[in-house]
Amino acid sequence: MATAAKRPKQVAVGGSPAEDGSADALSGFLDWCETVGLELSPKVYVSKEGTVSDYGLLAREDLQIGEVLFTIPRAVLLSQHTTSIRSLLEKDQASLESQSGWVPLLLALLHEYTASNSHWRPYFSLWPDFSSMDHPMFWPEEERMRLLQGTGILEAVDKDLANIQLEYTSIILPFMESHLDLFDPKLHTPELYQRLVAFVMAYRRWFWRSHFSVPSEVARRPLAVTDPSFQEPLDEEDEDEKEPNPPMMVPMADILNHVANHNANLEYSLECLKMVTTQPIGKGQEIFNTYGQMANWQLLHMYGFAEPYPGNTDDTADIQMVTVRRAALQGASTEAERQLVSEQWDFLCQLEMVGEEGAFVIGWEEVLTEEELSMTLKVLCMAAEEFKEFKEHEGWEEDTEDEESFTLSNETIPRLKASWKKLLHDSALLTLQSYSSDLKAEQDLLNDKVAYGKLSRREQQALQVRYGQKRILHQLLELAS
């Protein structure tokens with residue numbers, strides 16, 4: 001272990017770096033942008049006025065499709081490759097490997113955020129006070145349980161907290177103790193690390209799931225290829241062969257807020273990154289990027305907010321895969337039938353169609369895990385002889401033309417076989433029973449503006465998540481009736 005050496009001057013972390021003497025954080029940040037070559041179009045401006053949340057980007061005049069709003073040189077990006085401790089991170093990279101893949105970036109942030117002479121200090125001055133972050137991981141456990149039961153957020157937060165603790169104790173702390181000239185465990189605490197993880201989730205933007213929540217086998221859909229991320233996308237030919245590019249912080253780009261119907265996209269080139277309009281934008285309107293096709297539960301989990309109903313056209317509801325198994329077992333009337341369901345489930349696991357932690361994802365218009373759910377309904381609804389023959393062929397059979405072109409959508413679900421619809425219907429009913437309140441009570445609350453206004457912010461956000469999910473599940477009930 002390295003002996004203690006004189007550390008560079010560090011900044012206390014009780015609040016935002018803006019508190020260390022900067023009188024005008026925004027002005028200082030914009031001056032820094034000009035100094036480092038980050039070019040902001042005169043047609044737009046950064047402000048807290050007229051935005052949906054905190055800082056945002058607004059149009060100073062009318063904008064057309066394809067206009068460049070700002071250009072960011074790659075040297076301005078903050079990552080493991082640009083931080084002042086990059087050589088150290090590269091030298092020790094083997095010991096910094098983790099499940100999340102975020103450790104090098106988070107170590108860079110731990111150092112740069114608390115170093116008084118950091119190149120990115122004016123950028124940090126726009127960061128909010130960490131104590132104001134309101135992700136569900138910071139809610140009291142009792143409040144999380146009361147407001148978020150059934151949404152999937154409870155399980156995601158539990159995984160996040162466990163993995164954050166594991167990474168800090170097994171990777172971050174040993175690294176810091178080996179480099180006490182740069183790090184101070186009394187300053188760079190587990191609490192600060194957790195806040196930085198949440199901040200990177202919220203401000204790195206546009207990534208489809210928490211890197212700290214272990215994705216289940218078929219639990220979530222990825223972003224569409226066109227959805228940008230601050231984890232730079234690989235070329236299509238490299239997607240199956242290469243590891244994902246390392247994450248990075250992108251000054252200016254992370255100021256933009258999110259809506260599903262966004263009007264700008266981040267584009268990548270070898271020299272720079274550019275934010276470009278994708279829709280006409282009127283003078284005074286806010287400019288939005290997208291964090292991807294995010295359901296409200298994902299938005300609240302990772303970014304601390306949900307889009308008010310019915311604004312999020314990308315909202316989804318999950319039916320846990322084991323819930324479908326439970327529904328099938330409930331429908332079995334004899335021990336032989338229950339044994340058949342167990343064998344069918346085991347076979348689906350062998351086919352990697354289901355898993356104990358997986359979920360089927362139901363959207364407003366279609367099932368997003370269509371292949372997995374179709375196969376699950378098909379196998380679990382087979383009679384014993386049919387399943388025996390299907391298993392002998394290892395799940396392969398000649399599809400009829402109708403089956404080959406079949407999709408699980410609002411149009412086709414009513415035409416499913418009766419047994420498939422019953423299993424789907426029962427599974428949706430079981431899922432609805434996992435919530436602590438019913439749809440009508442929440443609909444009445446949303447329609448009562450006075451009562452809704454008296455709710456805390458957390459209660460309002462959780463209500464939006466639950467209500468959207470229940471609407472989707474009730475729609476599925478009707479389709480499968």
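The values are calculated or read from the model by the stated rules, or taken from the named source; none is laboratory data. From a predicted model like this one, the values you see are computed outputs, not experimental measurements. Using ideal geometry, Cβ is built from the backbone for each residue, glycine included, and neighbour counts are taken over all protein chains shown. Accessible surface areas use protein heavy atoms only, side chains included; no ligands, DNA or RNA. Shrake-Rupley method; radii C 1.70, N 1.55, O 1.52, S 1.80 Å.
Restricting the search to helices (runs of 4 or more DSSP H) fully inside the stretch 251-353 and requiring at least 3 residues that are free of Cβ contacts under 8 Å to residues at least 40 places away in the same chain gives 335-350. Among the candidates Leu126, Leu107, Leu63, the residue that is of a type outside the set (Phe, Trp, Tyr), surrounded by 22 or more Cβ atoms within 10 Å (Cβ to Cβ) and in contact with a Lys or Arg (Cβ under 7 Å, 6 or more places away or on another chain) is uniquely Leu63. The numbered conditions (1) more than 22 Å from Met137 (Cβ to Cβ); (2) at pLDDT below 55; (3) open to solvent by less than 10 Å² (accessible area, probe 1.4 Å) are all true for Asn289 except (2). Taken together, Glu366, Glu389 contain a single residue that is open to solvent by 40 Å² or more (accessible area, probe 1.4 Å), farther than 16 Å from Ala480 by Cα and either out of contact with any Pro (no Cβ under 7 Å at 6 or more places or on another chain) or modelled with pLDDT under 95 (or both), which is Glu389.
Looking across the stretch 452-472, the residues that are more than 16 Å from Asp314 (Cβ to Cβ) and among the aliphatic types (A, V, I, L, M) come down to Leu455, Ala462, Leu463. A residue that is at pLDDT below 60, under 17 Å from Val76 (Cβ atoms) and assigned to a loop (DSSP other than H, G, I, E, B) can be found somewhere in the stretch 205-213. Can you tell me which residue is nearest to Ala441 (Cα to Cα) among those in the stretch 181-197 that are free of Cβ contacts under 8 Å to residues at least 60 places away in the same chain and outside any helix (DSSP H, G or I)? Residue satisfying both the conditions and the ranking: Thr189. Scanning the stretch 155-192 for residues that are within 18 Å of Thr83 (Cα to Cα) and open to solvent by 40 Å² or more (accessible area, probe 1.4 Å) yields a single hit, Asp181. The set of residues in the stretch 43-87 that are at pLDDT 95 or above, part of a loop (DSSP other than H, G, I, E, B) and among the aliphatic types (A, V, I, L, M) comprises Ile65, Leu77, Ile85.
Rundown of residues vs (1) hydroxyl-bearing (Ser, Thr, Tyr); (2) touching a residue at least 12 places away in the same chain (Cβ under 8 Å); (3) surrounded by 11 or more Cβ atoms within 10 Å (Cβ to Cβ); (4) under 16 Å from Leu373 (Cβ atoms), yes/no style:
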{"position": "Lys422", "(1), (2), (3), (4)": "no, yes, yes, yes"}
{"position": "His425", "(1), (2), (3), (4)": "no, yes, yes, yes"}
{"position": "Ala428", "(1), (2), (3), (4)": "no, yes, yes, yes"}
{"position": "Ser437", "(1), (2), (3), (4)": "yes, yes, yes, no"}
{"position": "Glu442", "(1), (2), (3), (4)": "no, yes, yes, no"}
{"position": "Leu455", "(1), (2), (3), (4)": "no, no, yes, no"}
{"position": "Arg458", "(1), (2), (3), (4)": "no, yes, yes, no"}
{"position": "Gln461", "(1), (2), (3), (4)": "no, yes, yes, no"}
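Of the residues that sit in the stretch 73-108 and are assigned by TED's automatic domain parsing to the domain that holds Val197 and basic (Lys, Arg), which one is nearest to the chain's Cα centre (by Cα)? Once the filter is applied, the top-ranked residue is Arg86. Based on what the data block shows, is Asp54 open to solvent by 10 Å² or more (accessible area, probe 1.4 Å), more than 20 Å from His258 (Cβ to Cβ), in contact (Cβ under 8 Å) with a residue 12 or more places away in the chain and of a type in the set (Asp, Glu)? In short, no.
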